[in-house]
Structure formats: C-alpha cells, structure tokens
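See below for the structure under consideration.
Each reported figure results from applying straightforward, stated rules to the coordinates on display, with no laboratory input. Everything quoted here is computed from the prediction, not taken from an experiment. Here Cβ is always computed from backbone atoms with ideal geometry, including for glycine, and neighbour counts include all displayed protein chains.
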Amino acid sequence: MAPLDTGSVTNVVRLAEPIGRGPGPLAADSPTLGAYLRAVREHKGLSLIQVAEATRVRRLYLEALERDDITPLPSRPFAVGYVRAYGRALGLDGDAAVARFKAENPEATQALRAPLGVHLDGNPRQRVIYAGVAVLVVAVALWNIAQHTLISNAHSDAILAPAAQSWLEAQRPGPVVISAPTPPPADQTTPKPYVTPGLGVPGIDKNARMDPAAVTAATTTAAAQPEPTPPATFTTRAAVYGASLKEGGVLVQAKFPASLIVRGPAGQIYFARELEIGEAYRAPLGRGLTADVSDPNAFLLYVGGKLAGPLSEPQTPLDKAVAQSQPAATPPPSRR
C-alpha cells in the first residue's frame with residue numbers, strides 16, 4: 001500500500017541511530033540540504049521506502065528533496081512540511097532543516113499548484129457553448145449595425161437630393177431682391193405705463209393699457225382738481241377697529257392706504273395695520289396712547305364723531321390732540 005501524502009506531520013517516528021556506527025556526517029560538510037539528508041539516511045542504513053513509511057511522505061517527493069529539486073513538489077507549504085518531517089525522522093532538528101531549505105530556495109511569487117493527481121480542467125462542452133453564444137451575439141450585432149447603416153444612407157439620400165438641387169439653383173447668378181422691412185410689433189412701440197402701487201390715477205384702470213399721452217393728461221387733470229372736503233361727521237362703510245362704540249373715544253380714519261401703529265405709554269403696541277381707504281381705529285381716551293403713522297396727511301381725526309382735522313405729526317399723542325381740538329372754556333362774567 002502506497003504511503004499517504006498528508007503534508008506536515010506533527011508526531012514523527014524517529015529512526016534510531018544504528019549500532020556500531022559513528023556520529024554521522026555534519027551539516028557543514030554537505031553543500032546542500034538534499035545532499036546532507038541523503039548522507040544521513042545512508043549513514044543510518046535506511047532506504048527511501050523506510051523513510052516514506054515513517055514520514056508518510058511519497059518517495060517521489062523524498063527523492064526530489066535529496067536532489068534539491070522542488071519542481072515535483074505540489075507547493076511551497078507542502079515542501080516545508082516534507083522537509084521538517086524528513087529531518088525529524090532522521091533524528092535531526094526539523095526547524096533547522098526548514099531554515100536551510102528556505103535559505104537555499106527563496107520564496108518566489110507564484111501561484112500554488114494543485115496536488116498531484118487533481119485535474120481542474122473544465123467541462124469541454126461548456127467552452128463550446130460559451131463560444132457559440134459569443135459568436136451568435138457578435139453576428140446579431142453586426143447584422144443590426146449593417147441594417148441601420150443601409151436605412152440611414154437611403155433616408156439621407158432621399159432628403160438631401162431636393163436640398164442639393166435647391167442649393168445649386170440658388171447659386172446661379174441673378175438679381176438680388178430685398179423685401180421691405182416689416183414694422184415692429186405693437187408691444188415694442190408702446191411701453192406699459194408705470195403706476196406706483198397704492199397711488200393710482202383717478203379715472204384710470206391700473207390694469208388697462210393706455211397711451212402715455214392719455215396717462216399724462218389724466219394725471220394732470222387729477223392733480224388740478226382740488227382735494228374733496230372730508231365729511232364733518234364720521235361716516236364709513238369700511239371696518240372700524242379698536243374700542244367699541246359704547247366706549248367712545250377718538251377715531252383715526254384713513255383717507256388713502258397707509259400704515260397705523262397705536263402704542264402705549266411704555267411703547268407697547270396695541271394695534272398695527274395697513275389701513276385701506278375709509279377704515280378707522282377707535283382709541284379709548286385717558287390711556288396715553290400714541291398714533292404712529294407713515295403719512296400724517298393720510299389720516300383724519302374725529303372726536304365725538306365730529307371732524308377735528310388731519311394728524312399733524314407722524315407720532316401724535318391722541319389725548320393731547322383731543323385736548324387741542326376742543327375749544328377753550330369761556331370764563332364766567334365777573335360781578336361788580
């Protein structure tokens with residue numbers, strides 16, 4: 001029965017030193033590790049078959065090690081294991097034998113070879129199938145490219161033929177005719193008039209497109225007209241904010257859109273809003289409120305429902321304005 005190839009062996013049977021023989025050859029006397037192993041084996045009177053049975057390493061591999069030929073060995077890890085097992089079987093230092101083997105056979109970057117007797121050849125039918133599929137794919141791709149090229153050339157010829165004929169006719173000498181210039185579009189001749197937001201021109205729709213002359217005339221006419229006199233008694237159809245009618249107070253009404261902020265004595269804000277035309281705010285008296293407006297001329301002051309006039313300053317203390325609007329009390333006649 002042939003010995004099994006198990007690689008490195010941990011527990012190796014060491015062959016005893018033969019009786020009546022000297023200490024054996026020295027490692028320094030042998031030029032290579034293989035020669036040293038062979039000299040020790042012959043000194044002990046052992047055959048390769050005996051060593052193969054003791055180490056369970058194939059005799060083919062042992063012969064290769066003695067010849068210093070690592071070509072038949074399956075791979076470097078296996079070779080290292082074989083050297084260690086061979087040295088221990090002969091009673092030598094296995095690690096020292098491995099160190100000398102590595103020094104004499106430096107490790108080279110190469111792929112590991114499969115153990116002897118193992119075949120990794122693939123199925124030949126698969127290679128044939130893969131080759132057939134590749135050929136088929138290439139043939140279909142070439143056929144599609146050829147068809148696409150033929151169709152494109154035919155279509156291009158059909159389109160370019162009339163165009164080429166027209167171009168040749170255009171190259172013939174003849175009079176050059178230039179047509180009259182076309183008028184510009186109406187949108188480019190009449191710019192849209194700019195109207196400031198919130199300051200519309202009376203009598204003109206802000207969304208309508210009009211001639212600039214008409215806009216200028218309407219603006220001049222509106223500026224020439226005197227400002228209408230405000231009603232002497234408070235009246236409005238717009239919203240009234242602030243205190244209720246029962247609480248009374250002073251009314252601040254907007255003649256045209258403007259902002260109104262009502263602040264308290266410490267600067268706290270009680271009311272802040274952009275009032276539209278006719279909207280008003282009713283402020284209670286005696287609380288030290290101040291009307292902070294964006295335009296004093298845009299607001300009217302009503303006390304007790306009667307007109308007291310426009311606001312005079314951007315920040316107007318309402319209690320003070322009410323006191324100034326009321327006529328001074330007539331002193332009683334003196335008695336003589």
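Potential lengthening of the chain between residue 102 and residue 285 amounts to 54.8 nm, from the contour at 0.36 nm per residue minus the alpha-carbon distance. With each label modelled as a point 7 angstrom along the Cα→C-beta vector, the residue 273-residue 182 pair spans 5.5 nm. Between residue 27 and residue 142, the contour length at 0.36 nm per residue exceeds the alpha carbon distance by 34.4 nm. Cβ-Cβ distance of residue 238 and residue 319, R₀ of 22 Å, FRET efficiency by 1/(1 + (r/R0)^6): the value works out to about 0.30. Applying the Karplus relation 6.51 cos²θ - 1.76 cosθ + 1.60 with θ = phi - 60° to the stretch 26-41 yields 3J(HN,Hα) values of 9, 5, 6, 7, 9, x, 9, 5, x, 5, 5, 5, 5, 5, 5, 4 Hz, where x marks Gly and Pro.
Can you give me the long-range amide H partners of residue 289? Hydrogens built in the peptide plane at 1.01 Å from N, cutoff under 5 Å, separation of 5 or more residues or another chain. When sequence neighbours closer than 5 places are left aside, the close amide H contacts are 318, 319. Averaging the sequence gap over all C-alpha pairs within less than 8 Å and six or more residues apart, then dividing by the number of residues, gives the stretch 240-325 a relative contact order of 32 percent.
Each residue of the stretch 88-103 was assigned a 3J(HN,Hα) from its phi angle through the Karplus curve 6.51 cos²θ - 1.76 cosθ + 1.60 (θ = phi - 60°); the sequence is 5, 5, 8, x, 9, 7, x, 5, 5, 5, 5, 4, 5, 4, 5, 5 Hz, with glycine and proline shown as x.
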